[in-house]
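**Q** Here it is, the structure, as structure tokens.
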Amino acid sequence: MTSPPSGSPVLILPGLSDSGPEHWQTRWQALRPGLRRVRQRDWERPHLADWLAALDAAVRRAGPAPVLVAHSAGCALVAHWAAAGGAPARGALLVAPSDPEAPSFPQGPTGFAPMPLGRLPFRSTVVASRDDPYVRFDRAQAYAAAWGSRLVDAGAAGHLNSASGLADWPVGLALLDELLR
């Protein structure tokens, strides 16, 4: 499948360290050239305020109501952005939301904790793994419930990144397509 089922813009929101060449987010951009990655100034020691400004600018440039595809700390970014009253979005696919309040959250990022727990003002799907080193599954369940998101249990799949061996991750693409319909 090379194009999404609707004309809605899709924004890719990587987590810390961006998403390398074998990450499903990067592979999706090769499969669907219209997907746009939100570039951040600092991928290793980000300040939430900088990431929020970059996301808000990207959403406004994207056109009407984009779908957001976030991974890891990118999910926290979406939750903070929605809580701050960001521009309208059509939906969000929130994959492997890391827990910025957990000891496993990397040192360096500032402003990501606490995780906002308000209901998101758009449709959303949270995909979580039962053995993700950056968030306990029960915590991911709590995020999904608080955000009003559909929860998809990915089983034991690690952090749902390139180390998980997802390749093009067709299951994730199908979830994205559901949000685009």
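**Q** In the set SER104, SER19, which member is under 24 Å from ALA146 (Cβ atoms), in a loop (DSSP other than H, G, I, E, B) and among the hydroxyl-bearing types (Ser, Thr, Tyr)?
**A** From the options SER104, SER19, the qualifying one is SER104.
**Q** Working only within region 66-103, note down all residues that are over 19 Å from GLN141 (Cα atoms) and touching a helix residue (DSSP H, G or I) at 6+ places or on another chain (Cβ under 9 Å).
**A** Those that are over 19 Å from GLN141 (Cα atoms) and touching a helix residue (DSSP H, G or I) at 6+ places or on another chain (Cβ under 9 Å): PRO66, VAL67, LEU68, TRP81, ALA84, GLY86, ALA87, PRO88, ALA89, ARG90.
**Q** Can you find a residue in region 15-26 that is closer than 23 Å to ASP138 by Cα and not aromatic (Phe, Trp, Tyr)?
**A** yes
**Q** Limited to region 131-176, what total is found for residues that are touching a Ser or Thr at 6+ places or on another chain (Cβ under 9 Å) and touching a residue at least 60 places away in the same chain (Cβ under 8 Å)?
**A** The qualifying residues number 9.
**Q** Further question: Kindly provide the set of residues from region 30-81 that are among the basic types (Lys, Arg) and either part of a helix (DSSP H, G or I) or surrounded by fewer than 17 Cβ atoms within 10 Å (Cβ to Cβ) (or both), ordered by number.
**A** Residues satisfying the conditions are ARG32, ARG36, ARG39, ARG41, ARG45, ARG60, ARG61.
Bear in mind that the values in this text are calculations on the coordinates, not laboratory data. Nothing here was measured: the structure is a model prediction, and the numbers come from that model. FYI the Cβ positions are ideal-geometry reconstructions off the backbone, even for glycines, and counts take in every protein chain you see.
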